[in-house]
Amino acid sequence: MQGDQELIIQFQQSENKEAPFTALLKKYQKRVYYQIKRMGIDHADADDIAQQLWIKVWHKLDSFKMESEFGTWVFRIAYNETLNFIQKNKRLNAKIIGNNNDWESDLAASDQPKTSQITILLERAVLQLPEKQRIVFMLRYFEAYSYEKIGEIMETTVGGAKANFHQAVKKIESFIKSV
Amino acid sequence: MEQEDINIELISDKAIMEALVSKEALSSMDAKLQQVPPNYFDEFPTAVLEKIRSEKNKTKIIHFAAFRKIAIAAAVLLITATGYLFSDKILQNKNEIVIVAIEEIPNEEIQKYIESNEVFVEVDWQSEIDKASTDLELNYIPFNNDTN
């Protein structure tokens, strides 16, 4: 299996760009898609954002200078694209996230095991977080990324990433305790 | 060493979260987020490449669109120039028509035209004189030595 750098050089120098691009896409598509979805985006929108970002990668890859890892670069584009999408649809997003009564009644009426109830609660708690805290929490907890890498993706400092994570945990804690 | 530090931090972060909610709940949440329609990831690269190919075709149109401003400017210039030349020709033609028309009109017709268009005020001179004399009589102030 070819490395990222090799594939990028192949893309930049060869006439047949589709083969190396497809290889890169196949390697990163799942993680990029999950990163988008973890920011509270549903499948249809996550699919749209993912397609748009990979088209952007196609157009920008010729000028990619390999100063950072390809994965980090793609995740940064994914983060910015998702953030743009959320900001564009802020009103709609607020309506979905802010509709607290539905999930509370769902939870009360639920016969599901306790784990599932906690999952619902946790999902709500995560969705209540501001976008930056949400993505730091998700990248840190589920992707096990270092704060350095998170900082690179979000174009923030290590301290900023750490602060966002701890704020996120505190907010999740207080949300769960308040229910 | 650095990786070791990161691992220790991660374990402590996870411990905080697991103290709040169970590990099962966290895994279940992530599993839920990872649900996708069947064959989604198999079909995704093809969908992206198709969009890129269709965008390439669109880009050709955009290239043409880049010259559109120049094309529009050239068209406007051409229309203006043609319009100017054409209108000048019409004006010349119009003048020629007027000249020819005057030359060709017979004198009788010109005379007739002047007569029919001239404003004639028929004056009844006798009644006007009578009216004037009446006014004179009314305004007449006799002199002292005029005894008759």
Task: Filter result (under 26 Å from the mean Cα position of the chain (by Cα) and either of a type outside the set (Gly, Ala, Ser) or closer than 11 Å to residue A:70 by Cα (or both)) within segment A:12-25 - done: A:18, A:20, A:21, A:22, A:24, A:25
TODO: Determine whether residue B:111 is at pLDDT 75 or above and either among the polar types (S, T, N, Q) or surrounded by fewer than 10 Cβ atoms within 10 Å (Cβ to Cβ) (or both).
DONE: yes
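Can you tell me which residue among A:74, A:32 is more than 12 Å from chain B (Cβ to nearest Cβ) and touching a residue at least 40 places away in the same chain (Cβ under 8 Å)? Full working, then the answer.
Details: A:32 fails: more than 12 Å from chain B (Cβ to nearest Cβ).
Only one candidate passes the filter, namely A:74.
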TODO: Go through segment A:119-155 and count every residue that is facing chain B (nearest Cβ under 9 Å), assigned to a helix (DSSP H, G or I) and in contact (Cβ under 8 Å) with a residue 40 or more places away in the chain.
DONE: 5
Open item on the list: Could you list, ordered by first residue, the pairs with Cβ atoms under 9 Å in which the first is in segment A:6-19 and without any contact (Cβ under 8 Å) to a residue 12 or more places away in the chain and the second is among the β-branched types (Val, Ile, Thr), at least 6 apart or interchain?
Closed with: A:18/B:52
Task: Subset of segment A:141-179 (residues that are under 15 Å from the mean Cα position of the chain (by Cα), modelled with pLDDT of 85 or more and of a type in the set (D, E, K, R)) - done: A:149, A:152, A:155
TODO: Output yes when any residue across segment A:80-89 is over 21 Å from residue A:155 (Cα atoms) and β-branched (Val, Ile, Thr), and no when none is.
DONE: no
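The values are calculated or read from the model by the stated rules, or taken from the named source; none is laboratory data. Predicted model, so just to flag it, every value in this text is computed and none were measured. In this analysis, Cβ positions are derived from the backbone assuming ideal geometry, glycine residues included, and neighbour counts consider all displayed protein chains.
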